[in-house]
Structure formats: structure tokens, C-alpha cells
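Remarks on the structure that follows.
The values are calculated or read from the model by the stated rules, or taken from the named source; none is laboratory data. Note that the coordinates shown come from a computational prediction; the quantities given were computed from them, not determined experimentally. Don't worry about glycine lacking a Cβ; one is built from the backbone with ideal geometry, like all the others, and counts go over all protein chains shown.
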Amino acid sequence: MRESQHISIYIERPAAQVYAYIANPANLPNWAAGLSGSIEQRDGRWFAESPMGEIEVIFVPENPYFVLDHDVRLSDGTMFNNPMRVIDYDTGCEVVFTLRRQAGRPEDEYEADAKAIRTDLATLKRLLER
């Protein structure tokens, strides 16, 4: 079954500032608890420690559209694509993360993933609205 959820949060900061913060992988440990406990750059690539072991995080190149799509490669080579955007909106912006349900993923695990993303986005909002 193919299923996606678009999970978003409004942040009262200019879109360009929010994009610049998220686009810097060094900031991931500050807000993305489910992705990285620590992160380091090796030979131009970003590697993070996570509950799944060491992972590689690969963001799309910097762009004027505030697209933050990124791949997460597990140590076994499995790759997950994560669409993400910052959308200019009024005096702030909306950050939208698309969670895709992986084949065979039980409903309770899929919902736990959605909850973790909502928590991460709420942390991002708190950090950036200080």
C-alpha cells in the first residue's frame, strides 16, 4: 500500500532563515532527535549516529526554492527518500515533511514515525522562534 502524510508546522521566522538553518546538516542534532544523536562530515559526506546505527544523510544541493529533500542511507545500504520543503507564508513560513509509509511497515510503527516527526518539527519551531 502506498501512503504518505504531509506533516507541517508554522514557524514565525523568514523562510530564508529557516531554510538556511535546516539545510546545514551540522544543526540536525539540535532538532532531529530521531535522526541523529551526533553528526560529522567525512570526505564531504555527512554521517550521523542514530537509533538505527550509523547513517548517511544526503541533502539536495542548496537551491532558491527552499527544497530540503534528503536521503538517509542505512549501514546495510537501504535508502529512504524524505521530501521536505520550507514554504514562505505571511510573516513566517511553513515547514512540510512528507512521511512515506514503507512497504510492510505496520500501522503502529508508521504512526510512531509521524509522531516523532511532529516532535522534531516542534523542537525546530522552539529553537528558531527564540
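Structure values in brief
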read-out: Matching residues in the stretch 9-49 - criterion: being surrounded by fewer than 15 Cβ atoms within 10 Å (Cβ to Cβ) and among the hydrophobic types (A, V, I, L, M, F, W, C); value: Ala16, Ala20, Ala26
read-out: Members of the stretch 106-124 found to be over 17 Å from Pro83 (Cβ atoms) and either of a type in the set (D, E, K, R) or surrounded by 16 or more Cβ atoms within 10 Å (Cβ to Cβ) (or both), listed by number; value: Glu107, Asp108, Glu109, Glu111, Lys115
read-out: Yes/no for Asp69 being acidic (Asp, Glu), without any contact (Cβ under 8 Å) to a residue 40 or more places away in the chain, under 23 Å from Gln5 (Cα atoms) and surrounded by 14 or more Cβ atoms within 10 Å (Cβ to Cβ); value: yes
read-out: Residues (closer than 22 Å to Ile9 by Cα and either of a type in the set (Gly, Ala, Ser) or over 10 Å from the mean Cα position of the chain (by Cα) (or both)) located in the stretch 58-79; value: Val60, Glu62, Asn63, Pro64, Tyr65, Phe66, Val67
read-out: Subset tally (residues that are of a type in the set (Gly, Ala, Ser), out of contact with any Pro (no Cβ under 8 Å at 6 or more places or on another chain), within 18 Å of Asp71 (Cβ to Cβ) and modelled with pLDDT under 95) for the stretch 1-38; value: 3
read-out: Members of the stretch 5-63 that are in contact (Cβ under 8 Å) with a residue 12 or more places away in the chain and of a type in the set (Val, Ile, Thr); value: Ile7, Ile9, Ile11, Val18, Ile22, Ile39, Ile55, Val57, Ile58
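Yes/no per residue for (1) over 15 Å from the mean Cα position of the chain (by Cα); (2) closer than 17 Å to Phe80 by Cα; (3) among the aliphatic types (A, V, I, L, M):
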{"site": "Arg2", "(1), (2), (3)": "yes, yes, no"}
{"site": "Glu12", "(1), (2), (3)": "yes, no, no"}
{"site": "Gln17", "(1), (2), (3)": "yes, no, no"}
{"site": "Asn27", "(1), (2), (3)": "no, no, no"}
{"site": "Ala32", "(1), (2), (3)": "no, yes, yes"}
{"site": "Gly44", "(1), (2), (3)": "yes, no, no"}
{"site": "Ser50", "(1), (2), (3)": "no, yes, no"}
